[in-house]
Amino acid sequence: MELINVEVQIKNSNSALLKKLPRFVVRWLAKITYQDEINGILTKFEDSVGVEFLPKVLKELNIQVEIEGLENLPENGKCFFVANHPFGIADGLILTHTVASKYGDFRAIGNEVFVLIPQLRPVIAAVNVFGTNPKEYLQALDNVFNSEIPITHFPAGLVSRIRDWKVRDSKWHKSFVSKSVSCERDIVPFYFYGRNSNLFYAVYLLRKLFRIKATLELALLPHELFNKKNKTIRLKIGNPISHLTFDKSKSHQEWTDYVQGLVYGMKQQ
C-alpha cells in the first residue's frame, strides 16, 4: 500500500516551483517525510480500522503514554474532548485512543488530510480548515454533533507554532463552545506536555521571515511523529466543564478563550 508518494504529489500539485525541484531534493523530501516507513505501517495494519488502528500504531512506534487525571473522564461520553495541539500527529493518536479506550468509539474533528488514510475514515468527521466546507462536510458534522458519540477536537485547527517565543496554539475557534451549548455537550479539557523539534519551528520562522505563504513546516509532521518513537508523552485530563457554564455573560469567543486559558493553566497545576 503506497498512499504517500511525494514525487507523485509534487507532479499533481499546482505549484510551478515544486515541479521544478531537482530529483535529489524530491528524494530528500521523501526521506524526511518518512514516506517508506509510513507506507510500511499503513500496509502492515491495512486490515485494522478506526479504534483498532490507533493502539497498533502507538505500539509499533513504542510511544509510551503517561496520563494524569484519567478519573476525570465522565461516564457519559457525550462530550467534546478538547486539547492543545503541540505535535500534529502523535497527540491526535493519543487523544483519540484515550477516548476510544473509555467509550469504545468516537469521532474526531480533523482536516481532510486524515481522510486520505483508509484506516481512519470511519472515525473522522472531516473539516477543511484551509477553505470553505462543502455541504456534505457540514451535514456530516451536524449529524455527529447531534449524536451521542464522543467527539475529539483540537480547537486551534493547526499545530502549535512559536508565538511570542513560546510554543503555543493559535487562538482557538469558537465552534466547539457554540455546539456545546446547542447540542448540550460538556467539555473535557486535555493538556499535552511537550513540543516538536527545533527544526520544525526553524522552518516555520524562516517561512514567516521570507513571507512564504505555503505552510512548509507541515511537511515535517511525519518526521515529528517518528521523532517521538521510543519516547514517553505526558498529558493531563482536567475536570469536565458543563455546557451550562457558557451563559450569556460572555460571548462564545470569550468563553472559548476562557477554556483555552484553562487548558494551558493545567500545565501549572
Listed by first then second residue, the pairs whose first member lies in the range 195-218 and is under 16 Å from K166 (Cα atoms), whose partner is among the charged types (D, E, K, R) and surrounded by fewer than 16 Cβ atoms within 10 Å (Cβ to Cβ), with beta carbons under 8 Å and at least 6 positions apart or on separate chains, are none
By residue number, the members of the range 194-249 that are at pLDDT 95 or above, buried (at least 19 other Cβ atoms within 10 Å of the Cβ) and within 16 Å of the chain's Cα centre (by Cα) are N196, K228, I233, L235
Note on the range 149-193: residues in contact with a Cys (Cβ under 7 Å, 6 or more places away or on another chain) and either at positive phi or of a type in the set (A, V, I, L, M) (or both) are I187, V188
Expected single match for touching a residue at least 40 places away in the same chain (Cβ under 8 Å), more than 30 Å from Y201 (Cα to Cα), touching a helix residue (DSSP H, G or I) at 6+ places or on another chain (Cβ under 7 Å) and of a type in the set (F, W, Y) among F106, F87, F53, F80 is F106
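Return the residues of the range 243-268 that are among the small types (G, A, S) and more than 18 Å from Y191 (Cα to Cα); say none if nothing qualifies.
Listed by number, the residues that qualify are S249, S251.
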Residues of the range 228-264 being assigned to a helix (DSSP H, G or I) and either outside the structural domain of A156 (by TED's automatic domain parsing) or in contact (Cβ under 8 Å) with a residue 60 or more places away in the chain (or both), in sequence order, are H243, H252, Q253, W255, T256, D257, V259, Q260, L262, V263, Y264
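Yes/no matrix, rows are residues, columns are (1) in contact with a helix residue (DSSP H, G or I) (Cβ under 6 Å, 6 or more places away or on another chain); (2) among the polar types (S, T, N, Q):
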| position | (1), (2) |
| --- | --- |
| S175 | no, yes |
| P189 | yes, no |
| N198 | no, yes |
| A214 | no, no |
| A219 | no, no |
| K231 | no, no |
| G238 | yes, no |
| F246 | yes, no |
| D257 | no, no |
With criteria (1) in contact with a Ser or Thr (Cβ under 9 Å, 6 or more places away or on another chain); (2) over 19 Å from I237 (Cα atoms), D169 comes up short on (2)
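The values are calculated or read from the model by the stated rules, or taken from the named source; none is laboratory data. This is a predicted model, so every value here is computed, not measured. Positions of Cβ are generated from backbone atoms using ideal geometry, with glycine treated the same way; all protein chains shown enter the neighbour counts.
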